[in-house]
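Notes follow once the structure below has been shown.
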Amino acid sequence: MTRTRVAVLVTVLVLAATGTGVGAWLLTRGHDSAHPEISAYSDGHLTRVGPYRYCNVLDLTDCDNPQTQGELRVNSHDPVQLSVPPSIGQAPWWLLRVYEDSAIPATTFYRPGDRQAVTVPTLDAKHGRLTGIAVQLMTLVVDRNGELQGVPHAEWSVRMVWS
């Protein structure tokens, strides 16, 4: 090979490697790959959000507390489509739905592998408008009385913005 061909080949390889690195950075920037994200969609609006709180499942005092909260624009006609990644859906998890006319969230428990997507109505006949949803990953701990309790070690939160 001539020096010119070698120089051209090296230039092409350097540009390809640089392009691959920049492409990977663009795809992952703004995303913390250490923790999973949930997504919520309604009427053409989408939000993806990382955890509000995320603790080590073996040490519930070792926590990241970014207090991230997503916002989703909603209306009374279109439900919220919630999606969780396999890392959540393959574990026991809770869905909490907070409504404006209820002091206590409505809760649904999902067993490992049951669901990765849930449809949540934005209006409830008894409890009014949906104001927020939360997803919680659970772990079992023994409390001070020696009883086994489910405690969330991670939580994701989305606040509804009504239009």
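Between amide H atoms placed 1.01 Å from N, distances below 5 Å from Y52 occur with T68, E155, W156, S157, all of them 5 or more places distant or on a separate chain. Database remark: amide H of T122 closer than 5 angstrom to the amide H of V80 (H placed geometrically; neighbours at sequence offset of 5 or more, or on other chains; Pro and chain starts carry no H).
Using a 1.4 Å probe and counting only protein heavy atoms, arrange M138, M160 so the residue with the most accessible area comes first. Walk me through the numbers before you get to the answer.
Working: M138 35, M160 10 Å².
Heavy-atom accessible area, descending, gives M138, M160.
Give me the distance between the Cα centres of segment 53-77 and segment 93-110, rounded to whole Å. Segment 53-77 and segment 93-110 have Cα centres separated by 15 Å. Ordered from highest to lowest accessible area with the whole protein assembly present and a 1.4 Å probe, C55, C63 read as C63, C55.
Compute log10 of I(q)/I(0) for segment 21-163 with the Debye formula, placing one identical point scatterer on every Cα and leaving out solvent, at q = 0.15, 0.17 Å⁻¹, to two decimals. One equal scatterer on each Cα of segment 21-163 leads to -0.80, -0.99. Ligands, DNA and RNA aside, D114 has an accessible area near 90 Å² when probed at 1.4 Å.
Just add up the charged neighbours of S163: K/R +1, D/E -1, any other residue whose Cβ is under 10 Å from the Cβ of S163.
Details: positive: R73; negative: D43.
Residues near S163 contribute 0 overall.
What accessible area per residue comes out for segment 73-115, rounded to a whole number of Å², with a 1.4 Å probe? Don't skip to the end; give the middle numbers.
Details: 2430 Å² over 43 residues.
For segment 73-115, the per-residue accessible area is 56 Å².
Amide H contacts under 5 Å for R73: V161, restricted to partners 5 or more places along the chain or on a different chain, H placed in the peptide plane at 1.01 Å from N. If every alpha-carbon in segment 122-163 counts as one equal scatterer, what log10 I(q)/I(0) does Debye give at q = 0.14, 0.26, 0.33, 0.34 1/Å? Values, matching the q order: -0.53, -0.86, -1.06, -1.08. Computed over protein heavy atoms with a 1.4 Å probe, the carbon and sulfur contribution to the accessible area of segment 97-163 reaches 49%.
When H35, H77 are compared by accessible area of protein heavy atoms, the largest-first order is H77, H35, using a 1.4 Å probe.
With each label modelled as a point 7 angstrom along the Cα→C-beta vector, the E100-D124 pair spans 1.4 nm.
The values are calculated or read from the model by the stated rules, or taken from the named source; none is laboratory data. Every value quoted in this text rests on a predicted model; they were computed, and no experiment measured them. Ideal geometry is used to build each Cβ from the backbone, glycine not excepted, and the neighbour counts take in all protein chains shown. Note: accessible area is taken over every heavy atom of the protein model, side chains too, but ligands, DNA and RNA are not part of it. Shrake-Rupley method; radii C 1.70, N 1.55, O 1.52, S 1.80 Å.
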